[in-house]
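Chemist: Structure provided below as C-alpha cells; questions to follow.
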Amino acid sequence: MRKRPKAKIESIEHLEDFSEQMNDVVSRKLAFFRSTFIPYTKHVHFHSRCDYLQKLGVLNRGKPQMGLRVLAPSGSGKSTAGLEYKALVDRRRGDSPSTSSVLYLPLNAATTSKRLMVQILQKLDDPQPERGTEQTLTYRVMQYLQRRGIELLIIDEVQHLNGRSSASSDVTDALKSFLDAGVVPIVFLGTDEGQDLFERNLQLNGRLLAPFDMPALDASKKEERDLFATFVHDLCSQMEARRIFPGPLDLLTEDILACLLEVSAGVIGRVSRLFEAATEIALRRHASRLEAQDLLVAVDRWALQHGFADRNPFRLLRAA
C-alpha cells in the first residue's frame with residue numbers, strides 16, 4: 001500500500017435526516033452489506049477446503065468420513081463464508097433448498113448429542129423430529145441425509161456442542177461415531193470457545209483434516225496488514241460499483257487503515273459492521289461519499305457502545 005498524506009478529519013455538525021423517505025433510501029442502500037460477499041482471501045481458501053472435503057466424501061461414500069475444524073473470533077465472517085459456500089454449490093448445480101447437496105445447520109443454544117440430532121431432523125423437515133431415543137434419532141438422521149443426497153454437513157456455532165446427554169454420553173463421541181458411519185463429512189464452524197470440544201477427544205481429532213482456524217489478523221505482521229488493506233479496498237470497490245454513494249471512496253490512507261485495524265482488532269467482520277454504521281451516518285447527512293468523520297462517529301456510536309473498542313483512534317486524526 002503506497003503511503004499517502006495523513007487523513008484530516010474536519011470538525012462538522014452532523015445534521016442527520018431521520019424522515020420516512022430517508023429510511024427508505026438508507027434501508028435499500030444498506031441491504032448491500034447483508035447481500036454482498038466480499039471475496040476475502042481466507043474465506044476463499046476456506047471454500048477450497050470445503051470443496052475438497054465434499055469431493056473426498058463423495059468418493060468415499062459408505063466409508064468413514066473426515067471433518068474440518070474452523071475456529072475464529074466472533075465477527076470473523078465464518079458464518080457468512082459457510083452460507084456463501086452452500087450458495088456457490090447450489091448455483092453451480094442449479095439446486096433448490098430441497099435439493100441442495102450442502103446442509104448448513106446453525107446452533108443457537110447449548111446442545112447435547114440428542115438435541116443435535118433433533119435440530120438436524122428439523123432442518124430436514126422431519127414431521128416428528130423429537131420422537132424417539134437418541135439412537136433412533138441418529139438412525140433417522142442418517143437415513144434422511146442419504147435419501148436427500150447431502151454431501152456436506154456444515155455445523156455452525158459448534159461451541160454450543162459442549163453438553164452431555166448423560167454423565168457418560170459426550171457429544172464428541174456422538175460426532176466421532178457419526179463420521180465413522182460413513183454418511184457425510186462435517187465442517188465444524190465455531191468461536192475459540194469451541195476449542196475444548198476438540199481438545200477433550202483426540203479420537204475425534206484423528207478423524208479431522210488439519211484445522212483451518214482463522215484467528216484475528218496480527219497488526220505486527222506486514223502480510224496480514226496487507227490482507228486487511230486488500231479487504232478494505234475490495235469493500236470500497238464493491239460499494240462504488242453498487243453506487244452506494246455518487247462520489248468515490250478514498251479511505252485507503254495508512255492512518256485510516258491503522259485506525260480500522262485497531263478498532264476491529266483484526267476481525268474482518270467488524271470492519272463491515274463499522275462501514276455499515278458509518279454509511280448510514282453519511283447517507284443521513286446527504287453526503288456524496290463516505291468520509292473519515294463518518295467512521296469516527298460510527299466508532300463512538302457502534303464500536304465503543306458495543307464494547308468492541310475501548311478508545312476511538314480516529315479522534316487522533318482530528319488532532320493531527
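Chemist: Protein chains only, probe 1.4 Å: how do Ser19, Ser220 rank by accessible area, largest first?
Modeler: Reading off the accessible areas and sorting them downward yields Ser220, Ser19.
Chemist: At 0.36 nm per residue, minus the direct Cα-Cα distance, what do Asn23 and Asp95 gain on full extension? Give it in nm, one decimal, please.
Modeler: 22.4 nm
Chemist: OK, next. How long is the gain from Ser237 to Ser48 if the chain were fully straight, where each residue apart is worth 0.36 nm and the alpha carbon distance is subtracted?
Modeler: That pair, Ser237 and Ser48, stretches by 65.6 nm at full extension.
Chemist: Can I ask one more? Let me know the charge dipole size of region 51-92 about its Cα centre in debye, to the nearest 20, where only the beta-carbon of Lys, Arg (+1) and Asp, Glu (-1) is charged.
Modeler: For this selection, approximately 160 debye.
Chemist: Give the shape of region 108-188 as rounded, prolate or oblate, defined through the alpha-carbon gyration tensor: a ≥ b ≥ c are the square roots of its eigenvalues, a/c under 1.5 means rounded, and otherwise the shape is prolate if a/b is larger than b/c and oblate if not.
Modeler: Rounded is the answer for region 108-188, as its axis ratio a/c remains below 1.5.
Chemist: Each residue of region 94-107 in turn: what ³J(HN,Hα) in whole Hz from Karplus with 6.51, -1.76, 1.60 and θ = phi - 60°, glycine and Pro shown as x?
Modeler: My calculation for region 94-107 gives x, 7, 9, x, 7, 10, 4, 8, 10, 10, 9, 10, x, 9 Hz in order.
Chemist: While we're looking at this one, here's another question. For the full complex of protein chains and a 1.4 angstrom probe, list Met117, Met142, Met66 by accessible area with the highest value first.
Modeler: Solvent-accessible surface, decreasing: Met66, Met142, Met117.
Chemist: Then there's this: Post the alpha-carbon centroid distance, region 139-153 to region 224-288, in whole angstrom.
Modeler: Rounded to whole Å, the Cα centres lie 41 Å apart.
Chemist: Moving on. Might you report the magnitude of the Cβ-based charge dipole of the chain about its Cα centre, with Lys and Arg at +1 and Asp and Glu at -1, to the nearest 20 debye?
Modeler: My answer is approximately 780 debye.
Chemist: Treat each spin label as a single point 7 Å out from the Cα along the C-beta direction, and report the Glu199 to Thr36 distance in nm.
Modeler: Modelled inter-label distance: 4.0 nm.
Chemist: Give me the count of lysine pairs in region 12-148 whose alpha carbons sit under 19 angstrom apart, restricted to pairs 8 or more positions apart or on different chains.
Modeler: Taking region 12-148 as the scope, the lysine pair count is 7.
Chemist: Quick one: which residues, 5 or more positions from Leu208 or on another chain, have an amide H under 5 Å from its amide H? H modelled 1.01 Å from N in the peptide plane, none for Pro or chain starts.
Modeler: Long-range HN contacts for Leu208: Gly67.
Chemist: Which cross-chain or sequence-distant (5 or more) residues have an amide H under 5 Å from the amide H of Ser76, H modelled 1.01 Å from N in plane?
Modeler: The answer is Gly269.
Chemist: Taking only Cα atoms, what is the 0 to 90° angle, nearest 10, from helix 171-180's long axis to the longest principal axis of the chain?
Modeler: The two axes meet at around 70 degrees.
Chemist: Considering only protein heavy atoms, with the full assembly of protein chains and a 1.4 angstrom probe, order Glu223, Glu16 by accessible area, largest first.
Modeler: The ordering from most to least exposed comes out as Glu223, Glu16.
Chemist: Asp218 to Ser177: FRET efficiency via 1/(1 + (r/R0)^6), r the Cβ-Cβ distance, R0 41 Å, to the nearest 0.05?
Modeler: Once the sixth-power term is evaluated, E becomes 0.60.
Chemist: Using a 1.4 Å probe on the protein chains only, how many percent of the accessible area of the chain belongs to carbon and sulfur?
Modeler: That fraction is 51 percent.
Chemist: Which aspartates and glutamates have a Cα lying under 19 Å from the Cα of Lys221, excluding residues fewer than 8 positions away in the same chain?
Modeler: Lys221 reaches Asp213, Glu254, Asp255, Glu262.
The values are calculated or read from the model by the stated rules, or taken from the named source; none is laboratory data. Just so you know, these numbers come straight off a predicted model, no measurement behind them. Cβ atoms come from the backbone with ideal geometry, glycine included; neighbour counts cover every protein chain shown. The protein model used for the area step is the full one, side chains on, heavy atoms only, and it has no ligands, DNA or RNA in it. Shrake-Rupley method; radii C 1.70, N 1.55, O 1.52, S 1.80 Å.
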